[in-house]
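Chemist: Okay, handing you the structure first.
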Amino acid sequence: MANFRVALAVGVVLTALLVGCSSTPLEIGGPSAKPRGPSAAPNASGSVRYLALGDSVTSGEGVLADQSYPHRLAALWRDSGCDVELSNVAVTGYKSADVVSDELPAAATFKPTLATLMVGGNDVANGVGVEEYRGNVRTILRGLTDAGATVVTISQQFWDRTPVGEGYGTREELTAKRTEFDAVLIAEGRAVGATHVDLRQVFEEQAEKQMWLDDELHPTAAAYDEWAAALVKAVADPCEK
């Protein structure tokens, strides 16, 4: 892929948090990497203002900007006649603390009516404690709801099932940690009235089909299409009154 950049979605260094893992550090976005940062759809007059927050699997690392799942989701809504303005502020390698400091301020300026949050892989990979993660997620969710957004949370993609992830711990260890952090995201979301979309079956099927890029970590454009198709079915049409 001509625009391919190796930058892992799940953290900068996978630490001793994972028992029995490789002694070689797992680095995300090395010195030569150019992480994808904020991007926005051209429609600037949408009645629905959709803000997408997260890390590389939201920014669409390794695929074209309009192939990321937020762009595909917004396109599906537009196809149904819904006027949507998208701001995708996700950045490769970001942990929940980075979302608080660098992405959440967009809620005040963009004033979203709808927001999606998918974050946690980089926290797990960098050894962030679950209570620190909880505090960050709580801040993000409250900030979004205070801004007037309807919030949708999405669990972590099965990065631990990729060839890269599997080299840094057993499937059981990685799945347990991912599940623990996902449970926090779900619980904190419920506390503010957020909708959680369970894509685990989609992620499982994609892992079985090995739907990742040549970096053996990030999802393919076709995988993001499936995410968007599942989300558009699970999330109420934002244009319906």
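Chemist: When you look at residue 80, is it among the hydroxyl-bearing types (Ser, Thr, Tyr), surrounded by fewer than 24 Cβ atoms within 10 Å (Cβ to Cβ), on the phi < 0 side of the Ramachandran plot and touching a Cys at 6+ places or on another chain (Cβ under 9 Å), yes or no?
Modeler: yes
Chemist: Continuing with the same structure: Spot the failing condition for residue 103; the list is (1) charged (D, E, K, R); (2) under 28 Å from residue 66 (Cβ atoms); (3) surrounded by fewer than 16 Cβ atoms within 10 Å (Cβ to Cβ), and only one is missed.
Modeler: (3)
Chemist: Tell me, yes or no, whether segment 190-209 has at least one residue that is within 15 Å of the chain's Cα centre (by Cα), part of a helix (DSSP H, G or I) and hydrophobic (A, V, I, L, M, F, W, C).
Modeler: The answer is yes, given that some residue of segment 190-209 is within 15 Å of the chain's Cα centre (by Cα), part of a helix (DSSP H, G or I) and hydrophobic (A, V, I, L, M, F, W, C).
Chemist: Identify, please: which residue in segment 210-234 is open to solvent by less than 10 Å² (accessible area, probe 1.4 Å) and part of a helix (DSSP H, G or I) and is, among those, nearest to residue 65 (Cα to Cα)?
Modeler: 224
Chemist: Looking only at segment 194-209, count how many residues are open to solvent by 40 Å² or more (accessible area, probe 1.4 Å) and farther than 21 Å from residue 117 by Cβ.
Modeler: 4
Chemist: Being open to solvent by less than 30 Å² (accessible area, probe 1.4 Å) and outside any helix (DSSP H, G or I) is the filter here, so list the residues in segment 134-167 that pass it.
Modeler: Residues satisfying the conditions are 149, 151, 152, 153, 154, 155, 156, 157, 158, 162.
Chemist: Also: If I ask for residues that are closer than 21 Å to residue 127 by Cα, in contact (Cβ under 8 Å) with a residue 40 or more places away in the chain and not β-branched (Val, Ile, Thr), which ones from segment 85-97 would you list?
Modeler: If the condition is that a residue be closer than 21 Å to residue 127 by Cα, in contact (Cβ under 8 Å) with a residue 40 or more places away in the chain and not β-branched (Val, Ile, Thr), then 90, 93, 94, 95, 96 are the ones that fit.
Chemist: Which condition number does residue 131 fail, the rest of (1) assigned to a helix (DSSP H, G or I); (2) open to solvent by 10 Å² or more (accessible area, probe 1.4 Å); (3) of a type outside the set (Lys, Arg); (4) touching a Gly at 6+ places or on another chain (Cβ under 9 Å) being met?
Modeler: Tallying (1) assigned to a helix (DSSP H, G or I); (2) open to solvent by 10 Å² or more (accessible area, probe 1.4 Å); (3) of a type outside the set (Lys, Arg); (4) touching a Gly at 6+ places or on another chain (Cβ under 9 Å), residue 131 fails exactly one: (4).
Chemist: Restricting the search to segment 168-193, which residues are open to solvent by less than 20 Å² (accessible area, probe 1.4 Å) and closer than 13 Å to residue 125 by Cα?
Modeler: 169, 174, 178, 181
Conditions (1) at pLDDT 95 or above; (2) closer than 27 Å to residue 237 by Cβ, marked per residue:
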site	(1), (2)
98	yes, no
103	yes, yes
119	yes, yes
122	no, no
127	no, no
137	yes, yes
140	yes, yes
150	yes, yes
166	no, no
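Chemist: If residue 41 meets every condition in (1) in contact with a strand residue (DSSP E or B) (Cβ under 6 Å, 6 or more places away or on another chain); (2) at pLDDT 95 or above; (3) more than 24 Å from residue 164 (Cα to Cα); (4) of a type in the set (Gly, Ala, Ser) apart from one, which number is that one?
Modeler: Unmet for residue 41, out of (1) in contact with a strand residue (DSSP E or B) (Cβ under 6 Å, 6 or more places away or on another chain); (2) at pLDDT 95 or above; (3) more than 24 Å from residue 164 (Cα to Cα); (4) of a type in the set (Gly, Ala, Ser): (2).
The values are calculated or read from the model by the stated rules, or taken from the named source; none is laboratory data. Owing to the predicted nature of the structure, the values given are computational and were not obtained by experimental measurement. Cβ coordinates were reconstructed from backbone atoms using ideal geometry, including for glycine residues, and neighbour counts include every protein chain displayed. Note: accessible area is taken over every heavy atom of the protein model, side chains too, but ligands, DNA and RNA are not part of it. Shrake-Rupley method; radii C 1.70, N 1.55, O 1.52, S 1.80 Å.
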